[in-house]
Amino acid sequence: MRTTTFGRILEALPLIGQGTWEMGESRRSRAQEVRALQLGLELGMNLIDTAEMYASGDAEEVVGEAIAGRRDGVFLVSKVLPQNASRKGTVKACERSLKRLGVETIDLYLLHWPGEHPLADTIAAFRELRDSGKIRYWGVSNLRMDDLAECERIAPGENATNQVLYNLQRRGIEADMVPWCHPRGVLIMAYSPLDQGRLRKPKQLKAVAARHNATPEQVALAWSVRNEGVVTIPKSSNETRLRQNAAAAELLLTPQDLAELDEAFPPPRGPVELETA
Ligand code: NAP
């Protein structure tokens, strides 16, 4: 698995990690989900993204089961819901997540999206959690440019990431967010890199995939992490697709590939409203 060491997170992360949205929703699929996450770890996708929101905490329990006895080497990301993200509520939410995950520390703790609580209060709680060793880094998700800049004003040099929707079909962040984040060392963590299974597969995408003896989804993943400063977190509970996702990190797209993909999925002409769904 290719890795990156970028910006404010001072260690190597896999270019392709694992998402967990929709895991933990049914008892029947739980064992398969645990096995999937464990296989993903064996394949080097050792960044696992979860949230207190997913299956109302049950996704965190699935992750906890998957990493039990193999915590070392896993980079664990979880998120606080905006309605819990007050000065005290953030600390309590994190403690509940730690319990469900069965760990003492979350590596990267994010505000899931901005809500009613002032960013300064959430950040104060993140600092307290970091100082007490319950989290190692903090970051945000679904923050627009103005909120990102406010984070930087409140806590210069601290916010490690903005986790945002980014895939071939949703390229809006390339106009403003990517050029803002990269020089500051704020990692972009691309969610829904396959557009939740809705990825169109025009002939150009199929042609690029055929040239690499790969699937269109593998090309989409390789494309999302083509530039420094971006990692991605596809979700899969299927062994074949997990293997494909891990292998996609090794796929290097050529200038011709990128030009053909630009034609099929044009980049933004200027700043656009941040997409979240
Ligand atoms: P996604 O990863 O774009 O797509 C997941 C879907 O694609 C699943 O149906 C999966 O099915 C399928 N899939 C996975 N690998 C595939 C492959 N190689 N070929 C074909 N199909 C494949 O969507 P997502 O789950 O929304 O996003 C990924 C993660 O990002 C989430 O799980 C979550 O951790 C995070 N996220 C964060 C936010 C946020 O607000 N911060 C929002 C959305 C998502 P199978 O499982 O059957 O393979």
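Per-structure values
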item: Residues that are more than 16 Å from the ligand (Cβ to nearest atom) and either touching a strand residue (DSSP E or B) at 6+ places or on another chain (Cβ under 7 Å) or touching a residue at least 12 places away in the same chain (Cβ under 8 Å) (or both), drawn from the stretch 110-125; result: Glu116, His117, Leu119, Ala120, Asp121, Ile123, Ala124, Ala125
item: Matching residues, the stretch 139-165, being aliphatic (A, V, I, L, M) and closer than 16 Å to Arg127 by Cα; result: Val140, Ile154, Ala155, Ala160
item: Hits in the stretch 6-26 - residues which are within 12 Å of the ligand (Cβ to nearest atom) and among the hydrophobic types (A, V, I, L, M, F, W, C); result: Ile16, Trp21, Met23
item: Within the stretch 37-52, considering residues that are out of contact with any Leu (no Cβ under 7 Å at 6 or more places or on another chain) and assigned to a helix (DSSP H, G or I), the one nearest to the ligand (Cβ to nearest atom); result: Leu37
item: Within the stretch 53-81, tally of residues that are in contact with a strand residue (DSSP E or B) (Cβ under 9 Å, 6 or more places away or on another chain), charged (D, E, K, R) and in a helix (DSSP H, G or I); result: 1
item: Residue check, Asn46 under 15 Å from the mean Cα position of the chain (by Cα) and open to solvent by 10 Å² or more (accessible area, probe 1.4 Å); result: yes
item: Members of the stretch 53-94 that are more than 16 Å from the ligand (Cβ to nearest atom), farther than 25 Å from Glu11 by Cβ and open to solvent by less than 60 Å² (accessible area, probe 1.4 Å); result: Ser86, Gly89
item: Residues satisfying the stated conditions in the stretch 27-36, i.e. open to solvent by less than 20 Å² (accessible area, probe 1.4 Å) and within 11 Å of the ligand (Cβ to nearest atom); result: Glu33, Ala36
item: Residue tally, condition on the phi > 0 side of the Ramachandran plot and either within 15 Å of the chain's Cα centre (by Cα) or not polar (S, T, N, Q) (or both), over the stretch 52-89; result: 4
item: Ser97 being open to solvent by less than 20 Å² (accessible area, probe 1.4 Å), within 16 Å of the ligand (Cβ to nearest atom) and either within 20 Å of the chain's Cα centre (by Cα) or touching a residue at least 12 places away in the same chain (Cβ under 8 Å) (or both); result: yes
item: Conditions (1) open to solvent by less than 10 Å² (accessible area, probe 1.4 Å); (2) more than 17 Å from Gly73 (Cα to Cα); (3) touching a Gly at 6+ places or on another chain (Cβ under 7 Å): number failed by Gly7; result: (1)
item: Residue check, Lys92 farther than 19 Å from Cys151 by Cα and without any contact (Cβ under 8 Å) to a residue 12 or more places away in the chain; result: yes
item: Candidates Ser224, Ser192, Ser237, filtered to the one that is in contact with a strand residue (DSSP E or B) (Cβ under 7 Å, 6 or more places away or on another chain) and more than 20 Å from Thr5 (Cα to Cα); result: Ser192
item: Segments classed as helices (runs of 4 or more DSSP H), wholly inside the stretch 159-277, with at least 1 members that are within 16 Å of the ligand (Cβ to nearest atom) and open to solvent by less than 10 Å² (accessible area, probe 1.4 Å); result: 177-184, 203-211, 216-224, 239-248
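The values are calculated or read from the model by the stated rules, or taken from the named source; none is laboratory data. This structure is a prediction, so every number in the text was calculated from the model and none was measured. For neighbour counting, all protein chains shown are included, and Cβ atoms are generated from backbone atoms with ideal geometry for every residue, glycine included. Ligands, DNA and RNA are stripped out before the accessible areas are found, and what is left, the full protein with its side chains, is counted by its heavy atoms. Shrake-Rupley method; radii C 1.70, N 1.55, O 1.52, S 1.80 Å.
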